[in-house]
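Nothing in this text is a laboratory measurement; each read-out follows from the coordinates by a stated rule. Note that the structure is predicted; figures quoted are calculated from it, not measured. Don't worry about glycine lacking a Cβ; one is built from the backbone with ideal geometry, like all the others, and counts go over all protein chains shown.
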Amino acid sequence: MMQESTTNSSFRLAAWKWAAMIILIFVFIAGWIVPLKPGIIKVTPDRAVAGEMIVVDVVGYNSFYLTDTTKLRAWLRLAGDTVIQAHHIQAWDDRNLAASFYIPSVFPVRQEAYPLTLVLDHGSEGTSILPNAIFITPASEQDTAEMKLWFRDKIEHVHEKAGIQYPFRNILSETIRNTYFHVPMWFCMIILFGVSAWYSLQYYRNGDIDFDRRSVAFIKVGLVFGVLGMVTGMLWAKNTWNAYWSWDVKQNMSAISLLIYAALMVMRSSVEDEMQKARLTAGYNMFAFVLLIPLLFIIPRMTDSLHPGNGGNPALGGEDLDNTMRMVFYPAVIGFILLGLWISQLVYRTDKLKGNL
């Protein structure tokens, strides 16, 4: 009976490790294989004058315009139902088409320039949108009657492409897949540092050196995930912001956070006495985790930032994640956290064996 109980206990302990592996395999497969929805990469020209006929050349992404050209529709939208519908569309191939619009000489509101969003709709490929695709300069002469004539259209009965696809986000394009790796790694780092701080607190309460070993193991693995998060973020920034490091406030605060924990490990290595080393590590570690909260979650929200979730820029909302992405993103967070806990346990056991030799 005791042997059977031990076997069941071992199986339960191993179950979460198997869960981590299965979740991460799912994340890697779904994260890379699921295609993006059709989108719009570029529009030419991007500027025009009101009161003129313009032909807009459109370059699509993951699009199939020639599937059925009779199902193609296009609008230029100012806001809400204030739209101009294309009166002629010519698809040259699956990724290139031309749409003709007449831009009225007068708009409902008077502005120095009118940013118009391009909306394409296809019966089988769904809808593609490019915000601020064309900027219209007002004409010198305005005709109110003309406004009523050309702004009478509405965007109705748009289509959705069948199947599971990730959203196409301008600028991000295929790099949107990095959401499943870069962001969960930072979640994992924060959890590991939090667990490490808890073990440091337990060391202060009990004085058991084993808690110090556990705390240090979680710091080591947390630093690894933090560096991986930093590297994946820099690669993402190069593709979206055109620079590996743009001195964004979130980048700076993240780097400072990692340096604080790296300094902890340097300080620890400079002390020879085990008890003194454990006491210094515990105090420093709890202080470092307290600093982590304002550095990553408070200061970036107090100033402008390119990162979502900072400087008034929303995070994990409809502009960043849709329901399809959430099906992969949240399992990715859970999977990476479980992986981090697993590796931390292995590091702890390794350090403990070294200490007993």
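The residue list GLY226, SER200, ALA162 was ranked by how far each Cα lies along the charge dipole of the chain toward its positive end, using unit charges on Cβ atoms, and SER200 comes out on top. Put simply, the convex hull of the Cα atoms in region 29-147 casts, on average, a shadow of 8.2 nm².
Across region 39-150, the mean sequence separation of Cα contacts (distance under 8 Å, 6 or more residues apart), normalised by length, yields a relative contact order of 32 percent. Working from Cα pairs under 8 Å separated by at least six residues, relative contact order for the chain is 18 percent. Partners of LYS154 within straight-line reach, counting lysines whose Cα lies under 30 Å from its Cα and excluding those fewer than 8 residues away in the same chain: LYS37, LYS42, LYS71. For the residue pairs LYS277/LYS352; LYS220/LYS352; LYS17/LYS220, the alpha carbons lie more than 18 Å apart in LYS17/LYS220. Classify the chain as rounded, prolate or oblate from the Cα gyration tensor: take a ≥ b ≥ c as the square roots of its eigenvalues, call it rounded if a/c is under 1.5, otherwise prolate when a/b beats b/c and oblate if not. Prolate. Once every DSSP H run of n ≥ 4 in the chain is given -39500 (n - 2.57) and the sum is divided by its residues, what mean residue ellipticity at 222 nm do you get, rounded to the nearest 500 deg cm²/dmol? One gets -17000 deg cm²/dmol as the mean residue ellipticity at 222 nm.
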